[in-house]
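Asker: My questions all concern the structure below.
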Amino acid sequence: KLMKVFVTRRIPQEGMKLLSAAAECEVSMWDSDEPVPRAELLKGVQKANGLLCLLSDKIDAEVLDAAGPNLKIISTMSVGFDHLALQEIKKRGIRVGYTPDVLTDATAELTVALLLATARRLPEGVEEVKNGGWSSWKPLWLCGYGLSGSTVGVIGLGRIGLAIAKRLMPFGVQRLLYSGRSAKSEAAEVNGEYVPVDTLLSESDFIVVSCSLTPETQGLCNKAFFSKMKNTAVFINTSRGAVVNQEDLYDALSTGQIAAAGLDVTTPEPLPTDHPLLTLKNCVVLPHIGSATYSTRSVMSALSVRNLLCGLQGTEMPNELTL
Ligand code: GLV
Ligand code: GLV
């Protein structure tokens, strides 16, 4: 008997090829580059045995109920899983596959790019070249902040946080501080010092948020958080938007409480084009492209299909989330 699979978006070819080659599957897909409308998702999952989804699909009790008791595996083409109602999923005995590791390098590279772009004001500079604002080489024009001799603070030194730290050290970073639930032995690779978050905030010139979104980290970066940062410090978030209270960030940026912010993630996504943060020159916002290299997305798609197929067969997945 064929296994029913629903795929919530067009995914890269490598994943699609693997999926079409799986003779045991009857695949239906939301065949678009745009998100599946909620009603289509609820319809698409009906009687499905497997679901392949993205981080933009909210998989909650309503979706699980619409799917019914045949659903065995949810495979998300992402490392993050805050879009999945894990309690509900666990309760129903459904397994979850995700894609850690394969996007670590791409996300760390993007984080370094965003940090440098924000600290050295690249988007502003590009804009000035185009709009005629470039009148001369000027001693104090478009000055920013450099990594050499600086202190960097990483909030959440997990796989991606560590990869970011490793890439930043060669820029001449003097001290690497990190905070999180526990000290990590891997921190030795970057001479990382485990410190209380307040110490990290008051001593860092660059603060990089790289933790996962959990009830503990939701809204972590709020008014009190920003008020402990240096006025010259640069704030970078490439994890999840909801770790940041965006109103408090806006206030911190517009009052000069902190120097600048670079965000690859926001709430909501997409961020409305009339959002106050987008009026600030010292805020660089990217459209959640941390893992967006051709090869990484290709590998992510293949891995998420392999997770899906193993979940359908009831065998060991390359990357199963422990629920
Ligand atoms: C990206 O944000 C991911 O979770 O894969
Ligand atoms: C910069 O281009 C310099 O020559 O100082």
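Bear in mind that the values in this text are calculations on the coordinates, not laboratory data. Bear in mind that the values here come from a model prediction, so they are computed numbers and not experimental data. Using ideal geometry, Cβ is built from the backbone for each residue, glycine included, and neighbour counts are taken over all protein chains shown.
Asker: Give me the pairs: first residue in the range 117-136 and of a type in the set (F, W, Y), second residue part of a helix (DSSP H, G or I), beta-carbon distance under 6 Å, and six or more apart or on different chains, which are they?
Answerer: Close Cβ pairs (under 6 Å, with a partner that is part of a helix (DSSP H, G or I)) amount to W134/E128.
Asker: I want to confirm something. Restricting to the range 40-57 and keeping residues that are crowded, with 20+ Cβ neighbours inside 10 Å and not in a loop (DSSP other than H, G, I, E, B), which single residue is nearest to the chain's Cα centre (by Cα)?
Answerer: Looking at the filtered set, the residue picked out is C53.
Asker: Quick check on the range 194-206. Is at least one of its residues within 16 Å of ligand 1 (Cβ to nearest atom) and in a strand (DSSP E or B)?
Answerer: First, the residues of the range 194-206 that are within 16 Å of ligand 1 (Cβ to nearest atom): none.
Within the range 194-206, none of the residues are within 16 Å of ligand 1 (Cβ to nearest atom) and in a strand (DSSP E or B).
Asker: Just wondering, is there one or more residues in the range 260-278 that are within 18 Å of the chain's Cα centre (by Cα) and more than 30 Å from F226 (Cα to Cα)?
Answerer: No, the range 260-278 contains no residue that is within 18 Å of the chain's Cα centre (by Cα) and more than 30 Å from F226 (Cα to Cα).
Asker: Working only within the range 174-192, note down all residues that are within 29 Å of S78 (Cα to Cα) and not in a loop (DSSP other than H, G, I, E, B).
Answerer: L176, L177, Y178, S179, S185, E186, A187, A188, E189, V190, G192
Asker: Restricting the range 304-323 to residues that are among the hydroxyl-bearing types (S, T, Y) and part of a loop (DSSP other than H, G, I, E, B), which is nearest to the chain's Cα centre (by Cα)? Spell out the reasoning first.
Answerer: Step one: list which residues in the range 304-323 are among the hydroxyl-bearing types (S, T, Y), which gives 304, 315, 322.
Adding the requirement that they be part of a loop (DSSP other than H, G, I, E, B) leaves 315, 322.
Details: T315: 29, T322: 20 Å.
The selected residue is T322.
Asker: Pull up the range 58-75, narrow it to residues that are within 16 Å of ligand 1 (Cβ to nearest atom) and buried (at least 22 other Cβ atoms within 10 Å of the Cβ), then point me to the one that is nearest to P268 (Cα to Cα).
Answerer: Out of the qualifying residues, it is I59.
Asker: Looking at the range 80-115, which of its residues are under 21 Å from G262 (Cα atoms) and either more than 9 Å from ligand 1 (Cβ to nearest atom) or free of Cβ contacts under 8 Å to residues at least 60 places away in the same chain (or both)? Walk me through it before giving the result.
Answerer: Taking the range 80-115 as the starting set, the residues that turn out to be under 21 Å from G262 (Cα atoms) are 80, 103-115.
Within the range 80-115, T104, D105, A106, A108, E109, L110, T111, V112, A113, L114, L115 meet the criteria.
Asker: Looking only at residues that are assigned to a loop (DSSP other than H, G, I, E, B) and polar (S, T, N, Q) in the range 1-39, which one is surrounded by the most Cβ atoms within 10 Å (Cβ to Cβ)?
Answerer: Residues of the range 1-39 assigned to a loop (DSSP other than H, G, I, E, B): 1-2, 8-12, 22-24, 30-37.
If we keep only those that are polar (S, T, N, Q) as well, we get 8, 32.
Details: T8: 23, S32: 12.
Filtering first and then ranking leaves T8.
Asker: I'd like the residue in the range 150-165 that is more than 16 Å from S202 (Cα to Cα) and either over 18 Å from the mean Cα position of the chain (by Cα) or among the small types (G, A, S) (or both) and, out of all such residues, is surrounded by the most Cβ atoms within 10 Å (Cβ to Cβ).
Answerer: Step by step, filter the range 150-165, then rank; the result is G161.
Asker: Hey, any hits in the range 283-303 for a residue that's more than 16 Å from ligand 1 (Cβ to nearest atom) and either assigned to a helix (DSSP H, G or I) or not acidic (D, E) (or both)? Don't jump to the end; show me each part of the working.
Answerer: Taking the range 283-303 and keeping what is more than 16 Å from ligand 1 (Cβ to nearest atom), we get 283-284.
Cutting the leftovers down to either assigned to a helix (DSSP H, G or I) or not acidic (D, E) (or both) gives us 283-284.
Yes, the conditions are met somewhere in the range 283-303.
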